[in-house]
Ligand code: TYM
């Protein structure tokens, strides 16, 4: 089974990214053929600094490797290295409904937050994301909860393409999302009604993967808790509920088990336990990261090799899509008696 996911090279990666997505990428290596794409072309849809983009791309690559992605067992590559993604975006834009793009939550949120230009790229962002996945005919996409709407759109685009051009065949695979049961939406520590992100309440609400242990302890000690004193999940206790979820995800256990274990504990004690566990979870990643990040030529060569694999897969899909859409010259047919990988005409 092919498994695909993408991650932006923007900002610093945080505990939400790690629990919701990166840890799933790592475990998916045991289940199928993984492709993990660092999506620099998505990152240019909002104002950004070009020199910074390159640096952040290496940061993200090194974090993925430090987390346990193994280039011998999966493909790690940079989106802009595989031109098929952008070509497929254009081709798929013709089967994407404009109104749907305008109603996407992330588009509307970013549009409102944007003080400068609201770019057409921001509107087309989900089509590029659809192209990322559909180019590989991936069956499964591990993501956090905030990507659900993008996945739905991608499924619709694939279905509409197949209905319009497939002639009864599933030319593009309609992918399934894989959203974890625990940790799909890690919340901000200072404002647990919003998701943890780099643009949230600020430094103290977000635990970064590369934070020093002291910083992690401080952030968790200062996490807002709720009225009452019980360590229990409840709709009116979003702060404690979030911490229970974090601890369960990091341990790979169930929130109920965490709740039972800390039923008699005070908030302070519980927060210290969460901090210790998160430190133990992220410390090895930070240590491996330092070494990997220092060797840019090695990172480049991993990305280059990954792009080679990815291109070989994506170009096959593109050739099919172009053929079905009647775009470009007809697919070449090899002369009789020779064998080739392209379509052959019987007889
Ligand atoms: P990005 O880079 O914002 O986030 C990467 C992954 O982290 C997950 N995530 C979270 N999970 C739990 N709690 C949180 N607080 C949290 N914040 C982020 C995201 O759900 C995501 O899985 N549009 C995508 C990138 C993308 C992509 C793709 C994903 C581009 N092409 C193709 C899948 C398939 C994005 O911005 O992710």
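Brief remarks on what is shown
- Projecting the alpha carbon convex hull of the chain along each direction and taking the average yields 20.0 nm².
- Nearest 10 degrees, 0 to 90: helix 50-67 Cα axis against the chain principal axis: 70
- Most to least packed among 232-238, 182-188, 277-283, 208-214 [average Cβ atoms within 10 Å]: 182-188, 277-283, 208-214, 232-238
- Annotation: the antiparallel percentage among DSSP beta bridges lying fully within the chain is about 10.
- With R₀ fixed at 22 Å, the C-beta to C-beta distance from residue 193 to residue 149 puts the FRET efficiency at about 0.70.
- In plain terms, the bigger the Kirkwood radius, the slower the diffusion; for segment 203-292, with that radius from Cα pairs, at 4 °C and 1.567 mPa s, Stokes-Einstein puts D at 96 µm²/s.
- Near-label residues of segment 222-237 by backbone N, under 15 Å of a point 7 Å along Cα→Cβ of residue 263: 230-233
- Given their separation in residues at 0.36 nm each and the Cα-Cα distance between them, residue 329 and residue 181 gain 48.6 nm when the chain is fully extended.
- Label point distance in nm, residue 163-residue 312, each placed 7 Å from Cα along Cα→Cβ: 3.6
- Zone of residue 234's modelled label, taken as backbone nitrogen in segment 180-213 under 13 Å from a point 7 Å along Cα→Cβ: none
- For q = 0.15 Å⁻¹, Debye-computed log10 I/I(0) when each Cα of segment 80-188 counts as one equal scatterer: -0.68
- Ranked packing of 264-270, 111-117, most packed first, by mean Cβ within 10 Å: 264-270, 111-117
- Rounded if a/c under 1.5, otherwise prolate or oblate - segment 31-104, Cα gyration tensor axes: oblate
- Gyration tensor (Cα) of segment 1-138, equivalent ellipsoid semi-axes in angstrom: 25, 19, 14
- Residue among 180, 330, 126 with the largest mean-square fluctuation in a Gaussian network model of the chain, springs linking Cα atoms under 10 Å: 330
- Net lengthening on full extension, residue 97/residue 305 (0.36 nm per residue, minus Cα-Cα): 71.3 nm
- Angle between the chain longest axis and helix 84-93 axis [Cα atoms, degrees, rounded to 10]: 80
- Extension gain from residue 203 to residue 73, taking 0.36 nm per residue of separation minus the Cα-Cα distance: 43.3 nm
- Label-point separation in nm, residue 319 to residue 116, each point 7 Å along Cα→Cβ: 4.1
- Helix 238-251 vs. the chain, principal-axis angle (Cα, 0 to 90°, nearest 10): 70
None of the figures in this text is laboratory data; all of them are computed from the coordinates on show. Model, not experiment: these values are computed from the prediction. Ideal geometry is used to build each Cβ from the backbone, glycine not excepted, and the neighbour counts take in all protein chains shown.
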